[in-house]
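**Q** Can you keep this structure in mind? I'll have questions shortly.
The values are calculated or read from the model by the stated rules, or taken from the named source; none is laboratory data. Just so you know, these numbers come straight off a predicted model, no measurement behind them. Cβ coordinates were reconstructed from backbone atoms using ideal geometry, including for glycine residues, and neighbour counts include every protein chain displayed. Remember, those area values only see protein heavy atoms, side chains included, never the ligands or the DNA or RNA. Shrake-Rupley method; radii C 1.70, N 1.55, O 1.52, S 1.80 Å.
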Amino acid sequence: MPRWIRISLKVAGILAGIVLIVWLGLAWYISRNKEQLVKTITERLNNRINGDLKMGKVDIVLLRSFPDISVSLQNVSLRDSLWHTHRHDLINAKYIFAEVSLKSVIKGKPDISRLVMEDGNIYLYTDSTDYSNTSVFRKDPDKKKKGDSPDFGKVLLENVKFNIEHEKKFKLFQFDIRELKGEWDHSIGGWEADLDIDMFIKNFCFNSTRGSFMKDQDFKGLIRVKYDEKTKVLSLKDQPIDVGVTPIRFSGDFDFSTKPAGYSIEIASDKMLYKHAVKLMTPPIAQKLKMVDLKNEAEVRALLIGKMKYRDTPWVRVYWKVEKNTLVTPAGDIENTSFTGVYDNQLVHTNNHKDDNSYIRVNSMGGDLYGITFY
């Protein structure tokens, strides 16, 4: 072995030994001062809360996030002041780990770098008077209005049920999160986040009286979200994700500069089975679309535009492009067919997006029916 390699290995071994000795010393110090450290961190959590925060066992975990340390919180619940009327815990978790950087501990000002929740439930609830249980979070008067970051920039959720319900507006979004890894980058102009998500969509209802989009579908992918403080627009641009068994592209803009907030969502796929596309629609829309079927994959794009207001049903347009496919209809199968088509729930341009204002149009169809070729 060359002499320079032997020297490098010795130096690396010495440095590793020094780091280990220092870390063991800090671990001893932390264990001796555990009660005070736990008190400091839990006080920081309580200072941001205006409600009822309950915790079971609180402890220091040294090896979970080495070389950093973790504060383990067991059986955590967070309730707002009106919990007794709506009965929805904002947070209820078996385990929450607040990971604290070793550097901040050394400085005597422990900072939470990442929050981890395991086996829990998050329920964001808004009642008929527009009161929300998220009022439990107290605004920090010491924070600057611009360019300030929160206490942590990373989050990990494992086996967590995430719910958003707005009683007055009939909005209901329910997700069973298997795993979500999130990182936030904050700046003066807003923030950006990368969310690596593996979850199951139970309900995605803009109007629960009309049913859910993407109901009972697996959802996997990396979602990049950007929020602009000046325009107050939350945007997602051309995200490649998997919904069910189909890879799709997902885009969306949510405009919070207006009241009620507006949204525009686009779902597209170059190769999707028609029956899979139908499953992503609400029952009233699916009922119309499933009158026919396509044997092979086709190009599909769906656009949803609406407002987060009382009983709003979004304007939905579904486009498809078919080439050399087989169209299955009650009248018979049309083979070697090519055409374009659209479903629209706004035949007349009003706010009525119901069945009586919907239509399906097919353009430039050709193919073979009962051995007869037509164009």
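**Q** With respect to Asp293, is the statement that it is on the phi < 0 side of the Ramachandran plot, among the acidic types (Asp, Glu) and modelled with pLDDT under 90 true? Please lay out each step first, then the result.
**A** Values: on the phi < 0 side of the Ramachandran plot: yes; among the acidic types (Asp, Glu): yes; modelled with pLDDT under 90: no.
Judged against the criteria, Asp293 is not a match.
**Q** Do we have Asn207 as within 23 Å of Gly244 (Cβ to Cβ), at pLDDT below 95 and of a type in the set (S, T, N, Q) here? Explain how you work it out, then say what you get.
**A** Details: within 23 Å of Gly244 (Cβ to Cβ): yes; at pLDDT below 95: yes; of a type in the set (S, T, N, Q): yes.
Considered against the rule, which asks whether it is within 23 Å of Gly244 (Cβ to Cβ), at pLDDT below 95 and of a type in the set (S, T, N, Q), Asn207 comes out as yes.
For every residue, the table says whether it meets (1) acidic (Asp, Glu); (2) open to solvent by less than 70 Å² (accessible area, probe 1.4 Å); (3) modelled with pLDDT of 85 or more.
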position: Tyr123; (1), (2), (3): no, yes, yes
position: Thr126; (1), (2), (3): no, yes, yes
position: Phe137; (1), (2), (3): no, no, no
position: Pro141; (1), (2), (3): no, no, no
position: Ser149; (1), (2), (3): no, yes, no
position: Leu156; (1), (2), (3): no, yes, yes
position: Phe162; (1), (2), (3): no, yes, yes
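**Q** Can you report the number of residues in the stretch 51-76 which are in contact with a helix residue (DSSP H, G or I) (Cβ under 9 Å, 6 or more places away or on another chain), modelled with pLDDT of 75 or more and of a type outside the set (A, V, I, L, M)?
**A** So the count comes out to 3.
**Q** Just to be sure before I move on: is Thr337 polar (S, T, N, Q) and either open to solvent by less than 20 Å² (accessible area, probe 1.4 Å) or touching a residue at least 40 places away in the same chain (Cβ under 8 Å) (or both) in the structure I sent? Step through it out loud before you land on a result.
**A** Details: polar (S, T, N, Q): yes; either open to solvent by less than 20 Å² (accessible area, probe 1.4 Å) or touching a residue at least 40 places away in the same chain (Cβ under 8 Å) (or both): yes.
Here the answer is yes, as Thr337 does meet what is asked.
**Q** Filter the stretch 172-199 for residues that are in contact (Cβ under 8 Å) with a residue 24 or more places away in the chain, touching a strand residue (DSSP E or B) at 6+ places or on another chain (Cβ under 8 Å), open to solvent by less than 60 Å² (accessible area, probe 1.4 Å) and more than 18 Å from Asp89 (Cα to Cα) and give the result.
**A** Restricting attention to the stretch 172-199, the residues satisfying the condition of being in contact (Cβ under 8 Å) with a residue 24 or more places away in the chain are 172-176, 180-197, 199.
With touching a strand residue (DSSP E or B) at 6+ places or on another chain (Cβ under 8 Å) added as a condition, the list becomes 172-176, 180-185, 189-197, 199.
With open to solvent by less than 60 Å² (accessible area, probe 1.4 Å) added as a condition, the list becomes 172-176, 180, 182, 189-190, 193, 195, 197, 199.
The answer is Leu180, Gly182, Gly189, Gly190, Ala193, Leu195, Ile197, Met199.
**Q** Testing Thr85 on (1) open to solvent by less than 40 Å² (accessible area, probe 1.4 Å); (2) modelled with pLDDT of 85 or more; (3) not in a strand (DSSP E or B), one condition comes back false. Which one is that?
**A** The failed condition is (1).
**Q** Report, by residue number, each residue of the stretch 340-354 that is assigned to a strand (DSSP E or B) and either among the aliphatic types (A, V, I, L, M) or out of contact with any strand residue (DSSP E or B) (no Cβ under 6 Å at 6 or more places or on another chain) (or both). So that I can check it myself, show each step before the final result.
**A** Start the filter on the stretch 340-354 by keeping residues that are assigned to a strand (DSSP E or B), which leaves 340-344.
Across the stretch 340-354, the qualifying residue is only Val342.
**Q** Of the conditions (1) touching an Asp or Glu at 6+ places or on another chain (Cβ under 6 Å); (2) closer than 25 Å to Asn325 by Cβ; (3) open to solvent by less than 40 Å² (accessible area, probe 1.4 Å), Met281 clears all except one; give me its number.
**A** For Met281, the exception is condition (1).
**Q** Does the stretch 234-247 contain at least one residue that is within 18 Å of the chain's Cα centre (by Cα), over 30 Å from Ser187 (Cβ atoms) and of a type in the set (Asp, Glu)? Talk me through it step by step, then tell me what you get.
**A** Pass one, the stretch 234-247, residues within 18 Å of the chain's Cα centre (by Cα): 234-244, 247.
With over 30 Å from Ser187 (Cβ atoms) added as a condition, the list becomes 242-244, 247.
Among the residues that remain, those that are also of a type in the set (Asp, Glu) are: 242.
Yes, there is a match, as at least one residue in the stretch 234-247 is within 18 Å of the chain's Cα centre (by Cα), over 30 Å from Ser187 (Cβ atoms) and of a type in the set (Asp, Glu).
**Q** To continue, here is another question. Taking the stated definitions as given, is Leu172 modelled with pLDDT of 90 or more and over 18 Å from Met281 (Cβ atoms)? Full working, then the answer.
**A** Details: modelled with pLDDT of 90 or more: yes; over 18 Å from Met281 (Cβ atoms): no.
Spelling it out, it is not the case that Leu172 is modelled with pLDDT of 90 or more and over 18 Å from Met281 (Cβ atoms).
**Q** Still on this structure: Determine the pairs where a residue that is farther than 18 Å from Leu195 by Cα and among the hydroxyl-bearing types (Ser, Thr, Tyr), located within the stretch 240-257, has a partner that is open to solvent by less than 70 Å² (accessible area, probe 1.4 Å) and in a strand (DSSP E or B) with Cβ atoms under 9 Å apart, the partner being 6 or more residues away or on another chain.
**A** Thr246/Ser269; Thr246/Met272; Ser257/Val233
**Q** Say we look at the stretch 300-333 and pick out the residues that are touching a residue at least 60 places away in the same chain (Cβ under 8 Å) and among the hydroxyl-bearing types (Ser, Thr, Tyr); which of these is farthest from Lys271 (Cα to Cα)? So that I can check it myself, show each step before the final result.
**A** Going residue by residue through the stretch 300-333, those that are touching a residue at least 60 places away in the same chain (Cβ under 8 Å) are 304, 306, 308-314.
Next, only the ones that are among the hydroxyl-bearing types (Ser, Thr, Tyr) stay: 310, 313.
Working: Tyr310: 35, Thr313: 28 Å.
Going through the qualifying residues, I end up with Tyr310.
**Q** From the list Asp270, Asp255, Asp228, which one is open to solvent by 20 Å² or more (accessible area, probe 1.4 Å), closer than 30 Å to Thr326 by Cα and either modelled with pLDDT of 90 or more or touching a Lys or Arg at 6+ places or on another chain (Cβ under 7 Å) (or both)? Spell out how you get there, then give the answer.
**A** Details: Asp255 fails: closer than 30 Å to Thr326 by Cα; Asp228 fails: closer than 30 Å to Thr326 by Cα.
One residue alone meets the criteria, Asp270.
**Q** Does the stretch 359-373 include one or more residues that are open to solvent by less than 40 Å² (accessible area, probe 1.4 Å), assigned to a loop (DSSP other than H, G, I, E, B) and over 17 Å from Gly211 (Cα atoms)?
**A** no
**Q** For the stretch 286-306, state whether one or more residues are open to solvent by 20 Å² or more (accessible area, probe 1.4 Å), farther than 30 Å from Thr209 by Cβ and out of contact with any strand residue (DSSP E or B) (no Cβ under 8 Å at 6 or more places or on another chain).
**A** No, the stretch 286-306 contains no residue that is open to solvent by 20 Å² or more (accessible area, probe 1.4 Å), farther than 30 Å from Thr209 by Cβ and out of contact with any strand residue (DSSP E or B) (no Cβ under 8 Å at 6 or more places or on another chain).
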